[in-house]
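A quick write-up on the structure given underneath.
The values are calculated or read from the model by the stated rules, or taken from the named source; none is laboratory data. Here the structure is a predicted model, which is why all the values come from computation and not from measurement. Cβ coordinates were reconstructed from backbone atoms using ideal geometry, including for glycine residues, and neighbour counts include every protein chain displayed. When the accessible area is computed, the model is the full protein with side chains, heavy atoms only, and any ligands, DNA or RNA have been set aside. Shrake-Rupley method; radii C 1.70, N 1.55, O 1.52, S 1.80 Å.
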Amino acid sequence: MKATISAKPVPGQISALYAPIRQAVERAGPDLDATIKANAQIQADLLRTASPVVADFVKQGKLKVVAAYYDLGSGRVTVLE
């Protein structure tokens, strides 16, 4: 996340992760925590729609996909709205 925010070059294949994370940076700006949370929300949105099976279960109310933020320091998980 930090490398994507600062747009610094990184070694190897890790730079392949820049494109999917870039949308979160554009949405949240340079704040690391805000970018992490935006990325979680973007990924949850993708999970809800990427698979027809998952999308159908969500539509029927049989499945709920939510974004969450895990704070490594405190061990606390926060569900994002």
Review point. Of (i) 13.1; (ii) 12.6; (iii) 14.0, which one was derived for Kirkwood radius over Cα pairs in Å from the structure shown?
Key: (iii)
**Study point:** Average accessible area per residue (Å²) across the chain - probe 1.4 Å, nucleic acids and ligands excluded
**Key:** 72
Point to revise | Solvent-accessible surface ranking, highest first, for Tyr70, Tyr18 at 1.4 angstrom | key: Tyr70, Tyr18
Review point. Which ³J(HN,Hα) values, rounded to whole Hz and listed in residue order, are derived for segment 48-60 from phi using the Karplus coefficients 6.51, -1.76 and 1.60 in 6.51 cos²θ - 1.76 cosθ + 1.60 with θ = phi - 60°, glycine and proline given as x?
Key: 5, 10, 5, 10, x, 5, 5, 4, 5, 4, 5, 4, 7
Revision key, fill the gap. In the chain, taking the dipole from +1 charges on Lys and Arg beta carbons and -1 charges on Asp and Glu beta carbons about the Cα centre, the listed residue (Met1, Gln23, Gln13) farthest towards the positive end is Gln13
Check your understanding: Near Lys8, which aspartates and glutamates are there with a Cα under 18 Å away, not counting those fewer than 8 places off in the same chain?
Key -> Glu26, Asp31
Exercise for review: List every residue whose amide H lies under 5 Å from the amide H of Ala67, counting only residues 5 or more places away in sequence or on a different chain, with H placed 1.01 Å from N in the peptide plane.
Suggested key: Leu80
Check your understanding: Assigning unit charges at the beta carbon (Lys, Arg +1; Asp, Glu -1) and nothing else, what dipole magnitude in debye, to the nearest 20, does the chain show about its Cα centre?
Key -> 120
**Study point:** Extended-chain gain in nm, criterion 0.36 nm per residue less alpha-carbon gap, Tyr69 and Ala44
**Key:** 7.8 nm
Point to revise | Signed unit charges on C-beta, dipole axis of the chain, positive-most listed residue Val53, Gln41, Gly75 | key: Val53
Practice item. With label points built 7 Å along Cα→Cβ from the Cα atoms of Leu80 and Val53, find their separation and express it in nm. Key: 2.6
Practice item. Given a cut-off of 26 Å, name the pairs among Lys37/Lys59; Lys2/Lys62; Lys2/Lys59 whose C-alpha atoms lie farther apart than that in the structure shown. Key: Lys2/Lys62; Lys2/Lys59
